[in-house]
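For reference, the structure is listed below as structure tokens.
Where a number appears in this text, it was derived from the coordinates with a stated rule and is not lab data. Since this is a predicted model, take the numbers as computed values, not measurements. Counting neighbours? That spans all protein chains shown, and the Cβs are built from the backbone with ideal geometry, glycine included.
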Amino acid sequence: MIEINNLGKVYSGGRSYTRALGGVDLSIPKGSVYGIIGLSGAGKSTLVRCLNLLERPSEGQILINGQDLTVLSGEELRKARRRIGMIFQHFNLLSSRTVAENIAFPLEIDGMKKAEINKIVDELLPLVGLSDKKDSYPSELSGGQKQRVGIARALALKPDVLLCDEATSALDPQTTLSILNLLKDINRELGLTIVIITHEMKVIKEICTHVAVLHDAKCVENATVEEVFTSPKSDIAREFVSSVFPAELPEDLLRELSSHKDSELVRINFLGDTASKPIINGLITECGVQINILYGSVEHLRSSLFGNLILEIRGTDEQRGLAHEYLKSNSLVFSYLNRGGADA
Ligand SMILES: Nc1ncnc2c1ncn2[C@@H]1O[C@H](COP(=O)(O)OP(=O)(O)OP(=O)(O)O)[C@@H](O)[C@H]1O
Ligand SMILES: [Mg+2]
């Protein structure tokens, strides 16, 4: 439902010139929780600001439900923007207004009648868990509570899309989790499409269905979260994945193990159903190899299981060949660590 075509943004002023985005194409499905990850300066905030035209793209198109925002102006653009809510890292609340008045703010700007505004605010407060804070001021709230106000305010005009720019970066890990869970509930209950900008892979792991990796102003990879976690294509995506699932063996150990005769080191990633299959048992009984487990972890990826194993497989050439076929026929994503890391 959001199509980004050949998006480019150049900042120029005086003698400075920065290409913050170039040739970015993305397709964000309706109802998805779409993560955009990248290092500092990659162009993430620029991208998210271009999505609602807070920043005007230098080139390309932003299509939301088929409507190109880049050609709209005035009243048409204002209407289209109503469909897009946004939350920020530092919450951007009005300090002189209470929680209820902050949530009401976009509705007042929109010219809505007082009674209708009150009704909407009263519906939103319990949704974000702030019924008892209605008349508090932002200075009386914790960071997590402030972000809940930000979320309620962003939802006030009933948008189709919620943009989140580093919405949890100023929060501690536990509060981060509660905000991510709230976003997950909102996505499920309201069917809202959520775009999340972050530099933390654990945010992606927790709630996203899809992820795009931005690097040096370009989108270097985009796919479902499962695909990127099990088989990242770019170096930068691999780095992000290993930041949450560190599965590297120490160099010395790797060298020593690699010198063993008749043995291979294999990294296996498994997801969902395959996580519950007795792979090791199968390798031993069906292929006749011996297995040495060097590393293992099973994590939750949203609501599915994601496993990471490093095995030493010992046996004759024939037995190891059978093991290779066994892994393949079980649709496992695997790669050899001592065959120059070549993919199977
Ligand atoms: N208003 C601006 N004027 C000039 N250059 C800018 C402006 N905003 C961003 N840039 C430049 O564009 C590039 C991308 O910036 P952007 O803020 O989009 O990165 P980011 O990925 O959000 O980084 P961070 O993780 O640090 O927030 C950077 O080189 C930045 O210096
Ligand atoms: Mg940013």
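So what is the relative contact order of segment 247-336, in percent, for Cα pairs below 8 Å that sit 6 or more residues apart? Numbers along the way, then the final one.
Values: 131 pairs, mean separation 34.1, N = 90.
It rounds to 38 percent for segment 247-336.
If you average the sequence gap of Cα pairs under 8 Å that are 6 or more apart and divide by the length of the chain, what percent do you get for the contact order? Working shown, then result.
Working: 610 pairs, mean separation 57.9, N = 344.
Over the chain, the number comes to 17 percent.
Can you tell me, using C-alpha contacts under 8 Å and at least 6 residues apart, the relative contact order of segment 73-209 as a whole percent? If you can, show how the numbers build up before the last one.
Details: 177 pairs, mean separation 43.5, N = 137.
Taking the mean separation of contacting Cα pairs over the length of segment 73-209, I get 32 percent.
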Seminar exercise, completed: Of I62, I196, I291, the most mobile residue in a GNM of the chain (C-alpha springs, cutoff 10 Å) is I291
Problem set entry | Approximate spin-label separation D185-L54, in nm, with each point projected 7 Å along Cα-to-Cβ | 2.5
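Just tell me the longest site-free run in the chain, where the sites are trypsin sites (Lys or Arg not before Pro) in a DSSP loop having at most 16 other beta-carbon atoms within 10 Å. All intermediate terms of the calculation are to be shown ahead of the outcome.
Working: sites that count: R15, K30, R83, R97, K113, K134, K233, K261, R302, R339.
Answer - 135-232.
Taking K and R as +1 and D and E as -1, what net charge do the other residues with C-beta under 9 Å from the C-beta of K133 add up to?
Values: positive: K134, R148; negative: D132, D135, E140.
Net of charged neighbours comes to -1.
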For this session: Please work out the C-alpha center-to-center distance from segment 234-258 to segment 11-61 and express it in whole Å.
Result: 31
For this session: Please build a GNM for the chain, connecting alpha carbons under 10 Å apart, and tell me which residue among I280, I197, I179 fluctuates the most.
Result: I280
Problem set entry | Most fluctuating residue given options C208, C287, C219, as computed from a GNM of the chain linking Cα atoms under 10 Å | C287
